[in-house]
Amino acid sequence: MHRLRTTVSRLRPLTAAQTAQSLSQPRTLGVEGGLRTFQPARRQTTSVVAEPFLNGTSSNYVEEMYYAWLENPRNVHKSWDIFFRNANAGAPPGAAYQSPPPLNGTTQGLASVQALVGSQPNVGKLVEDHLAVQTLIRAYQVRGHHIAKLDPLDISCVDFDDAPCTVGFQNVGLYGLAESDLDKVFRLPTTTFIGGNESALPLREIIRRLEASYCQHIGVEFMFINDVEQCQWIRQKFETPGVMQFSLEEKKTLLARMIRSTRFEEFLQRKWSSEKRFGLEGCESLIPALKTIIDKSSQSGVESVIMGMPHRGRLNVLANVIRKDLDQIFCQFDSKLEAADEGSGDVKYHLGMYHKRMNRVSNREISMSLMANPSHLEAVDPVVQGKTKAEQFYCGDNEGKRVMSVLIHGDAAFAGQGIVYETFHLSDLPSYTTYGTIHVVVNNQIGFTTDPRMARSSPYPTDVARVVNAPIFHVNADDPEAVMYVCNVAAEWRNTFHKDVVVDLVCYRRNGHNEMDEPMFTQPLMYKQIKKQKGVLQKFAEKVIAEGVVTVQDYEEEVARYDKICEEAYTRSKDEKILHIKHWLDSPWPDFFTLEGQPKSMSCPSTGISEEELGHIGKIASSVPVEDFTIHGGLSRILKGRANMVSQRVCDWALGEYMAFGSLLKEGIHVRLSGQDVERGTFSHRHHVLHDQNVDKRICIPMNHISLNQALYTVCNSSLSEYGVLGFELGFAMASPNALILWEAQFGDFNNTAQCIIDQFISSGQAKWVRQNGIVMLLPHGMEGMGPEHSSARPERFLQMCNDDPDVFPKMSEDFAMRQLYDCNWIVVNCSTPANYYHVLRRQIQQPFRKPLIVFTPKSLLRHPEAKSSFDEMLPGTHFKRMIPDDGPPAVNPEKVKRIVFCSGKIYYELTRERKNRGMDDTVAVVRIEQLSPFPFDLVKAETERYSNADLVWCQEEHKNQGYYDYVKPRIRTTINHSQPVWYAGREPASAPATGNKQTHLMELQRLLDNAFGLDAFSGKL
């Protein structure tokens, strides 16, 4: 039975004997810490079965005891436990009560209870009947959806074999009730609203009303929610008699929306019958569903709605929900349309859109974004959530009352894609919650050609939502009024409780997977039924005409009016000769670019800051700016070490990062760092969140104490998800260009489980959707004998997706370096010094455009004594160094240099150590390429010309088929006009990124160092 509002497990049991003495007194339940008056529920009804029991007032109390007993028999006194056990076991009237062992050595009061309970001839039967009705009502609330008429085709394959039907007139016998009881009047319990203003109903009417609430075109799953208030709220919305009533005006609006949804698809089918568009036929009610959600939310104060969806129905949503100009949609079908913007563009049913308009229902302005999404159907889910969180953050919406998200899903993807689960589990995390998302599932009852019985193991595709206690409203999509009501309730739920909710539109797909597909190949019976199926608009129009809501003439005029709108837009679309992808931008950044979408300049100021500022940030980084805060002893030593570095004007990797973040925050730039264990840092180097050792959950974030008017620093440990969290941070970075958003992998290798976000959104997002993004990925990388899963961030994968041409030496100009950055799809760096890391982070904000930044961060260099930078390298006038030349003896006497060893990252320190040990400091130059992409052609050319007599070697610690070699070799060769070979020094090709054996690792390292400096490794001699 349903839990009591009072936490039952904390009730102090009352004896059955004490009940007799308390019947004439105010009823209270003992709660730890004092007594409180018991409030059964919101509705004030007396729960009595058929006739007064124990003088009328005790029936509620028996009911309360029964709830407590059901929760846990130990919640009630042993006397009640025995009574309910015997009554449930079928003990005859008057025999259910048995005297328990004496309590505290006394039998006082037991006789009175025996007289009160055991002597009543019909007590047992009355209690049983009362509880039977309670159980019956609960059965409908729990399982009514099992027999609801949800499938428009009436062929549903939802399988409940493991949970046989227990509701319906034919099953009353399961509850100990007989057909003769159907006309008996029973008082209603406080856990149902089917009575309205009536407190008692015949059993027949109780069942009829329950079936009307739970077994028609709406099926509700909510009884798994462990919150009494939320369950009562849902009951009231679906059980109250007459609650699903609409005014004539609302029905007319619904009809108009159904007309627009249906006729839009029919128009496209007439004009472009052989084009793929992934139309909405079979689920046309999606459009009024989304419109209803937006209307209701706008009335509640929502100002911005961010939406994500797959391709099915996207054009219809763009046209009739976002309200994109129809001519801009129709011109997309013109095969002769030329592309005006840079990039590849994308197919029309992947594109997004941003639009701000007046909502006619609420008379409030509302902005809507439909995020661009690839065919990786659910990949957009965390991106939408991240953008929603960002908009909430920037407008100070800490409760989700002004900005909300709506996600549209397909049934097969919702059940099959793990990112759905990962995104759900972000929904209630403090740094990731968007305070409730409305999920709308377009349930085609098929996935491409796959039957649901082969696509999921759960009865419904929506069962994954139960993990966060989200209510699930299943609705027959061929009943637009039921759809409209459910969507109203969903919007109210989100506005009331700020929790996720799911609307499952059970529909069908009239065509195949796309308009060119033949579904009869694989689903002949389903599609025979679909061909017979009357369209939802036709059915609804016939209904409202029969009700007198509109006339046939009114309906035909509304259809003709929208058809004319489409025809006029079609005529205008023929004038469009150029495709402007920027018209489909889903995340505009006002005032960041010029009106033409170009950067306002092509220069980047110095990324250095003053000595005073470096000292101040260093002081904050090495202190605890909160009084009476006890930190760990080991952390005290770390902070003291930082203070010593500041006094010596040097910084290590962690302090360099602190300088970058702190200076940006001081300049008003929001910084957000997210990922697994980022607060401390996987390698215990960062410690951006300090924990009081004596007070639980008391923390201090020194970075938020840099200055009075600074921006907020957000640093948050994430769930153990790469795919979901990286997508979330990408979405967060879309909302504003004036923020530094970073995601750090626990180990660089782990980015592989976020590959979809990397490939589909980060690498190619600007080319496909003209969407710039400044997301930063921090990927710990380095061969250190830690095994194949904790070594390589797979730089070869990132470099393979870079769009610069290896065979073309670029044209030089004054702004060459910045122009390279502007033209590339992303920036890939492997910094070897804290100062360069500091500069590249600050450059992300200082440069006049945004590009994703991939940083291969170190592990052993975090504490390497040589991996430190002087404050002099971070002062005004300094910049990020794309390449760091050798400034030692080779630079003094370049003609003596016999070999240039190009490298990147950590291997530099091992090379210089080996060079010193071999006494080759003046004959071998070691040059660090810090920015791998875009490739520093100009700087590499200068180095090769300086050391004109030298062999060229690329050295890396990664295996030959991995790492950077395949990327840098052709570019170096192009730089030197193919005049000499580029030799390789590194590990042999391998399938695994690294060995798991420490000794083997060291042998491989020595071998590659021998190759880099050896006399006979190459044809030349040193």
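The values are calculated or read from the model by the stated rules, or taken from the named source; none is laboratory data. Worth saying up front: this structure is predicted, and the values here are computed from it rather than measured. Here the Cβ is made from the backbone with ideal geometry for all residues, glycine too, and neighbour counts use every protein chain on show.
If you go through the range 183-236 and keep only what is in contact with a Pro (Cβ under 6 Å, 6 or more places away or on another chain) and either farther than 20 Å from residue 501 by Cα or in the same structural domain as residue 502 (by TED's automatic domain parsing) (or both), you end up with 183, 185, 190, 196. When the range 620-637 is limited to residues that are of a type outside the set (Gly, Ala, Ser) and surrounded by 16 or more Cβ atoms within 10 Å (Cβ to Cβ), the one that is nearest to residue 817 (Cα to Cα) turns out to be 620.
Restricting attention to the range 757-768, the residues being of a type in the set (Val, Ile, Thr) and either in contact with a helix residue (DSSP H, G or I) (Cβ under 6 Å, 6 or more places away or on another chain) or outside any helix (DSSP H, G or I) (or both) number 1. Considering the range 658-672, and only residues there that are touching a strand residue (DSSP E or B) at 6+ places or on another chain (Cβ under 6 Å) and assigned to a helix (DSSP H, G or I), the residue that is surrounded by the fewest Cβ atoms within 10 Å (Cβ to Cβ) turns out to be 665.
The requirement of being in a loop (DSSP other than H, G, I, E, B) and more than 21 Å from residue 707 (Cβ to Cβ) is fulfilled nowhere in the range 605-627; no residue meets it.
Being modelled with pLDDT under 95 and either more than 21 Å from residue 831 (Cα to Cα) or assigned by TED's automatic domain parsing to the domain that holds residue 385 (or both) is not true of residue 648. All of (1) out of contact with any strand residue (DSSP E or B) (no Cβ under 9 Å at 6 or more places or on another chain); (2) under 23 Å from residue 474 (Cβ atoms); (3) surrounded by 15 or more Cβ atoms within 10 Å (Cβ to Cβ) hold for residue 544 with one exception: (2). Here residue 151 fulfils each of the conditions (1) at pLDDT below 80; (2) closer than 30 Å to residue 510 by Cα; (3) of a type in the set (Asp, Glu) apart from (1). Of all residues in the range 392-409, those that are charged (D, E, K, R) have Cβ atoms under 7 Å from Cβ atoms of residues that are buried (at least 16 other Cβ atoms within 10 Å of the Cβ) and not in a loop (DSSP other than H, G, I, E, B), 6 or more apart or on another chain, in 397/403; 402/304. Kindly establish whether residue 270 is more than 15 Å from residue 485 (Cβ to Cβ), assigned by TED's automatic domain parsing to the domain that holds residue 550 and either surrounded by fewer than 22 Cβ atoms within 10 Å (Cβ to Cβ) or free of Cβ contacts under 8 Å to residues at least 60 places away in the same chain (or both). Criteria met by residue 270.
For residue 997, indicate whether it is more than 30 Å from residue 815 (Cβ to Cβ) and either out of contact with any Gly (no Cβ under 6 Å at 6 or more places or on another chain) or in contact (Cβ under 8 Å) with a residue 12 or more places away in the chain (or both). Here the answer is yes, as residue 997 does meet what is asked.
Say we look at the range 235-255 and pick out the residues that are within 32 Å of the chain's Cα centre (by Cα) and among the basic types (Lys, Arg); which of these is farthest from residue 463 (Cα to Cα)? Within the range 235-255, the match that is farthest from residue 463 (Cα to Cα) is 237.
Just one of the listed residues (774, 787) is under 30 Å from the mean Cα position of the chain (by Cα) and not assigned by TED's automatic domain parsing to the domain that holds residue 382, and it is 774.
Screening residue 958 on (1) surrounded by fewer than 21 Cβ atoms within 10 Å (Cβ to Cβ); (2) assigned to a strand (DSSP E or B) shows it passes everything except condition (1).
Residues in the range 673-687 that are surrounded by fewer than 22 Cβ atoms within 10 Å (Cβ to Cβ) and either assigned to a strand (DSSP E or B) or at negative phi (or both): 7 in all.
Taking the range 206-234 as the range and being within 29 Å of the chain's Cα centre (by Cα) and assigned to a helix (DSSP H, G or I) as the test, the residues that pass are 228, 229, 230, 231, 232, 233, 234. Looking across 188, 150, 174, 136, one residue alone is out of contact with any Gly (no Cβ under 9 Å at 6 or more places or on another chain) and buried (at least 21 other Cβ atoms within 10 Å of the Cβ). It is 136. Scanning the range 595-616 for residues that are surrounded by fewer than 16 Cβ atoms within 10 Å (Cβ to Cβ) and more than 32 Å from the chain's Cα centre (by Cα) yields 595, 596, 600, 601, 603, 605, 606, 610, 611, 612, 615. Annotation note: Cβ proximity below 6 Å between a residue of the range 800-829 that is more than 18 Å from residue 929 (Cβ to Cβ) and a residue that is surrounded by fewer than 16 Cβ atoms within 10 Å (Cβ to Cβ) (sequence gap 6+ or interchain) occurs for 825/803.
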